[in-house]
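What follows is a short report on a single structure.
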Amino acid sequence: MGEVKKKRLKKAALVLLVCIVFIGLGTFGGIQYVTGAGNVKHDSNETILPSQGSSQSALVIYQPGRSEFSKDIAYNLAKGLNDSGYEVNINYPGEFLPSDLGNYDIVALGTTVYNGNFSPVLGDYVSGIKNIDNSKVLIYSTGMMTDNTSELDGLSKLLYRKADYQEKFYSNEQETEVTRAYEFGSSLGEP
Ligand SMILES: Cc1cc2nc3c(=O)[nH]c(=O)nc-3n(C[C@H](O)[C@H](O)[C@H](O)COP(=O)(O)O)c2cc1C
């Protein structure tokens, strides 16, 4: 092989290597960005859906992901509860929330799931919750894997009492799952 050809081959190999490194770093960075959503501490973002006459109230606390899916699930769950007559308070988890939830008849706690892990930010909040002995409690997750719900078991263990319901909403069937969240909220709101 001639010297010129060898040099060209070396250059091509170097360019290929640099490309592989960049693609690898980009993919790694992208995955880190997505999976980091469960660790983000958001400011309070309270939304209240006022009740239509009843004095019952519900709380929906959810950790958002990078897409709108977790938000859509939380808001549709809340809408279902609201249409069943509840005032609904929706927010992110955080230190700004009360830990004594004795005022709420229904408490729903929703986590993202990446690599089998629930959101540590929601986990921190859940482990401090008090006074929900008389409330209906739902723990749910928004993820893709239909054959693994270990995040729900992990999160449930942090709550001082057993949740009444555990549910997972699947991001690979967004449209039907958003409708199911609404229906789930409506049925949760039934006496
Ligand atoms: C790197 C990575 C790991 C994931 N791990 C899980 C998992 O262990 N279990 C699961 O149900 N879904 C898993 N998912 C799917 C996400 O939970 C699902 O896409 C979710 O809706 C993400 O919300 P987002 O796109 O709004 O961030 C994973 C997604 C990514 C990108």
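The values are calculated or read from the model by the stated rules, or taken from the named source; none is laboratory data. Only a predicted model underlies this, so the values are computations on that prediction, with no experimental measurement involved. Glycine also receives a Cβ, built like all others from the backbone with ideal geometry; neighbour counts cover every protein chain displayed.
Some observations on this one:
- Test: residue 99 is surrounded by fewer than 21 Cβ atoms within 10 Å (Cβ to Cβ), among the polar types (S, T, N, Q) and farther than 18 Å from residue 131 by Cβ: no
- Pick from the range 31-74, criterion over 21 Å from residue 123 (Cα atoms) and loosely packed, with under 11 Cβ neighbours inside 10 Å, ranking: farthest from the chain's Cα centre (by Cα): 53
- Restricting the range 127-149 to residues that are hydroxyl-bearing (Ser, Thr, Tyr) and touching a strand residue (DSSP E or B) at 6+ places or on another chain (Cβ under 8 Å), the residue that is farthest from the ligand (Cβ to nearest atom) is 135.
- Boolean, residue 116 is at positive phi, near the ligand (Cβ under 8 Å from one of its atoms) and in contact with a helix residue (DSSP H, G or I) (Cβ under 9 Å, 6 or more places away or on another chain): yes
- Only listed residue being at pLDDT below 95 and either part of a loop (DSSP other than H, G, I, E, B) or farther than 22 Å from residue 45 by Cβ (or both), chosen from 147, 153: 147
- Residues considered: 124, 153. Of these, the only one that is more than 16 Å from the ligand (Cβ to nearest atom), of a type in the set (Asp, Glu) and out of contact with any helix residue (DSSP H, G or I) (no Cβ under 8 Å at 6 or more places or on another chain) is 124.
- Considering the conditions (1) among the hydroxyl-bearing types (Ser, Thr, Tyr); (2) closer than 17 Å to residue 79 by Cβ; (3) surrounded by fewer than 21 Cβ atoms within 10 Å (Cβ to Cβ), residue 140 is excluded by exactly one of them, (3).
- Residues of the range 93-125 that are in contact with a Gly (Cβ under 6 Å, 6 or more places away or on another chain) and of a type in the set (Gly, Ala, Ser): 99, 119.
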